[in-house]
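Below is one structure; the comments refer to it alone.
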Amino acid sequence: MTTPSPRILKSVPYRRVPDLPRAVAFYTDQLGFEAIQTIADTEGRPFFVIVRRGEATQMLSSRPVHHRDRLMWIYVDNVDAAHRELVIAGADIPFPPTDQPHGNREFLVEDPAGETLVFAQILVESRMLEGSPKS
């Protein structure tokens, strides 16, 4: 009996932007997105904002993540099963499944062009997928 493949729930792009307030204003004021989550540094300056309109969600940040300026998060229902499946298939996985402080279990995959995919499973409910108001 074969194990079913993990189900992909959603993909969300992450982009580092040079001017976060300007980018957020563009998405909210001109494109009609809503800022659903904001994270600020210890001095209260936002450095990460999730914007959403309908089913379209983007992560915008003034900081790189995993030393990269853009990534694609792929949310799955079972990240360990996804990891096993991709290891068997020969994917380049430089970062194994690890519980993250932001409530996900994640691993990284490098595609042939050097782009990074983050496969993630939500361990602690995320406002990003629920669409809760910004904090």
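The values are calculated or read from the model by the stated rules, or taken from the named source; none is laboratory data. None of the values given here were measured: they were computed from a predicted structure. Using ideal geometry, Cβ is built from the backbone for each residue, glycine included, and neighbour counts are taken over all protein chains shown.
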*Do you know which residues across segment 70-105 are closer than 22 Å to D41 by Cβ, free of Cβ contacts under 8 Å to residues at least 60 places away in the same chain and surrounded by 16 or more Cβ atoms within 10 Å (Cβ to Cβ)?*
L71, N104
*Could you tell me whether any residue of segment 60-69 is at pLDDT 85 or above and within 17 Å of I8 (Cβ to Cβ)?*
no
*Give the residues of segment 1-24 that are outside any loop (DSSP other than H, G, I, E, B), aliphatic (A, V, I, L, M) and within 15 Å of S61 (Cβ to Cβ), sorted by residue number.*
V12, L20, A23, V24
_Looking at F26 and the list (1) aromatic (F, W, Y); (2) in the same structural domain as G114 (by TED's automatic domain parsing); (3) without any contact (Cβ under 8 Å) to a residue 12 or more places away in the chain, which single condition is not satisfied?_
(2)
*What number of residues within segment 25-52 are small (G, A, S), over 19 Å from W73 (Cα atoms) and assigned to a strand (DSSP E or B)?*
1
*Go through the residues of segment 37-44 one by one and say whether even a single one is within 25 Å of I122 (Cα to Cα) and touching a helix residue (DSSP H, G or I) at 6+ places or on another chain (Cβ under 7 Å).*
yes
*Could you grab me the full set of residues in segment 53-69 that are part of a strand (DSSP E or B) and either on the phi > 0 side of the Ramachandran plot or surrounded by 15 or more Cβ atoms within 10 Å (Cβ to Cβ) (or both)?*
T57, Q58, M59, L60, S61, V65
